[in-house]
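To keep things clear, I will list the structure first and then write my remarks on it.
Since every read-out is calculated from the coordinates, none of them should be taken as a lab result. For clarity, every value in this text was computed on a predicted model and none was experimentally measured. Here the Cβ positions follow ideal geometry from the backbone for every residue, glycine too, while neighbour counts run over all protein chains shown.
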Amino acid sequence: MFLLLPFDSLVVNLLGISITVLFTLLLVFIIVPAIFGVSFGIRKVYMKTLLKIFQWATLRIERGAKEKNHPLYKPYVNGIIAKEPTSLEEEIKEMRRSGSGKALDTPEFELSDIFYFCRKGIETIMDDEVTKRFSAEELESWNLLSRTNYNFQYISLRLTVLWGLGVLIRYCFLLPLRIALAFTGISLLVTGTTVVGYLPNGRCKEFLSKHVHLMCYRICVRALTAIITYHDRENRPRNGGICVANHTSPIDVIILASDGYYAMVGQIHGGLMGVIQRAMVKACPHVWFERSEVKDRHLVAQRLTEHVQDKSKLPILIFPEGTCINNTSVMMFKKGSFEIGATVYPVAIKYDPQFGDAFWNSSKYGMVTYLLRMMTSWAIVCSVWYLPPMTRQPEEDAVQFANRVKSAIARQGGLVDLLWDGGLKREKVKDAFKEEQQKLYSKMIVGNHEDRSRS
Amino acid sequence: SVSHSQITRLYSRFTSLDKGENGTLSREDFQRIPELAINPLGDRIINAFFPEGEDQVNFRGFMRTLAHFRPIEDNEKSRDQNGPEPLNSRSNKLHFAFRLYDLDKDDKISRDELLQVLRMMVGVNISDEQLGSIADRTIQEADQDGDSAISFAEFVKVLEKVDVEQKMSIRFLH
């Protein structure tokens, strides 16, 4: 016990020195560049190294599987069954043509009509387009995270050691570093915006507010080791416009806001989020709603319209899907933001799930668990495309305009364009869709059957 | 026969539908699939998975029902005639469709049952009288033994020219 005493102060000294060194390194390599918006390129080198390691790991697993003569489980992104893209009308006409010799243009009911509904139903049970959008995308090659591994039994010793090393690096080095950065970023944001809030309104306040926001978001970007590639930055949203983007996670906000100055829209939360929100709105006019106000669509639309009509106000950032989708598709855009009449600046965000899947499965993970998962991934890699601005044409209504914007975003990001509502994550589908199907089928069987009915 | 990877994939699908994570699916688990919920015959199809009087289906039952939709491969046609008929034979596929109509499982499609299924398919868009005459005509055309109901044999006869194998088969992509 007494032998430890002289070592005690040595240990304390070493600890003190290493913390100081760490902090200085942190400051020089991460925080200072964040403040000025420059980059040393460390993250890009990190990314390239990781890619090489992943490729090696995948080859090893494939070799292991081949040695044991087993087929490897490979996830298929494009679905597992062949689906005929024929419609109800086409299929039923075809069945009638082949089945009975009756004239094609007499609409009537056939017992064989049931085959269409039956097969379509079973197809959706085996593989449907909607439910798979609400869980994380499966990766084609392994990225040394146990959370994405489907082929456990083919891992060699070398691979296991590598994985163990990865765990050590991620949890013991990267995680504390990232938490420290996140803490710095958030506290700077809260204190910075509060301080700026005391200044009188004017050019100076605006300038400082913008730079405080940008600086803190950039620190947060580094806290997640996010490697972002921005494309077409000349199309960045301007004042008086609305920026719409596809939604995959709360990190989307940080990614966009670290490259531009936006007015946020959202519900006021309690806890830490609420503190951050209340501080932010002191420095610059964000649009926060109380929980009760969110349901009132009219009020929401009114406040947004007021905001965009004031040309001095910042572009609004909105995610019209209303919920997080897993970044393989874009789901229905809620028409509210498209009715306001402002210029829409679409933005497509595509994550590369190889380094860390950013999708927030809110039914599986809470916010804290989610952030921890993010901070223990390798990195968050994504591409952001700023699309040219769009306005509503006179002949289209809000829904058509919303769909047009959605298609543009889906096309640019390489995502599947779906008409389904993201709200189906939690809610049942509306009966109206079933009624549409029934109506369509009714048209096919109602006709001149009156003269064919016998007494 | 079903390959190893196809079984793995279907098992993966089964577990993703099994929200309660207890190894079985309930009717609610199926109804959570939006494209199935808007299918006019969705409920009848879901029903086909559940054996008489039961509310849960395990993976075995799931696979068994889906097996009806395997394509009829050529080599299976020449398999031994002594073994039990495979689930995906033409006859069994027709039987699956027959059971969608036969609500009370008495091996006959009565006028009432046909009316009920028709009502599911057309919703509120056709009147009772019109629907009634459609049902009457269909039974009249199919009925051969004069009992005003369609038996399985009569059902098969009506559909003898239809390419059942193609209409009631689902192919895996890999």
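Quick notes on this structure:
- Gain upon complete extension [residue A:158, residue A:135; 0.36 nm per residue less C-alpha separation]: 5.2 nm
- Built amide H within the under 5 Å cut-off of residue A:243, gap 5+: A:316, A:317, A:318, A:345
- Placing dummy labels 7 Å off each Cα toward the beta-carbon, the span from residue B:160 to residue A:292 is 7.3 nm.
- For chain A, the longest site-free run once trypsin sites (Lys or Arg not before Pro) in DSSP loop states with at most 13 other Cβ atoms within 10 Å are removed: A:103-294
- The Rg/Rh ratio for the protein assembly as shown is 1.06, where Rg is the radius of gyration of the alpha carbons and Rh is the Kirkwood radius.
- Region B:15-131: mean projected area of Cα convex hull, nm²: 9.7 nm²
- For region A:147-421, convex hull of alpha carbons as volume per residue, Å³: 139 Å³
- For region B:4-68, radius of gyration divided by Kirkwood radius, i.e. Rg to Rh on alpha-carbons: 0.94
- Modelled spin labels at residue A:168 and residue A:93, positioned 7 Å past Cα toward Cβ, are 6.8 nm from each other.
- Whole-Hz ³J(HN,Hα) from phi, Karplus 6.51 cos²θ - 1.76 cosθ + 1.60, for region A:368-377, glycine and proline x: 5, 4, 4, 5, 5, 4, 5, 6, 9, 7
- Efficiency of FRET between residue A:67 and residue A:175 - r from beta-carbon atoms, R0 56 angstrom, step 0.05: 0.95
- Chain A: angle of helix A:157-168 to the longest principal axis, Cα-based, in degrees nearest 10: 70 degrees
- Rounded to 10°, Cα long-axis angle of helix A:297-309 versus longest principal axis of chain A: 60 degrees
- Mean Cα-pair separation over length for chain A, i.e. relative contact order, pairs under 8 Å, 6 or more apart, %: 19 percent
- Placing a label point 7 Å from the Cα of residue A:399 along the Cα-to-Cβ direction, the residues of region A:323-358 whose backbone N falls under 17 Å from that point are A:331-340.
- Chymotrypsin sites (Phe, Trp or Tyr not before Pro) within region A:158-240, DSSP loop, no more than 16 other Cβ atoms inside 10 Å: A:198
- Directionally averaged shadow of region A:319-364, computed from the convex hull of its alpha-carbon atoms, nm²: 4.0 nm²
- Stretchable slack from residue A:9 to residue A:24, in nm (0.36 nm times residue separation minus alpha-carbon distance): 3.2 nm
- Net charge of Cβ neighbours under 13 Å - reference residue B:24; Lys, Arg +1; Asp, Glu -1: -3
- Taking label points 7 Å from Cα along the Cα-to-Cβ direction, residue B:31 and residue A:187 give a separation of 5.2 nm.
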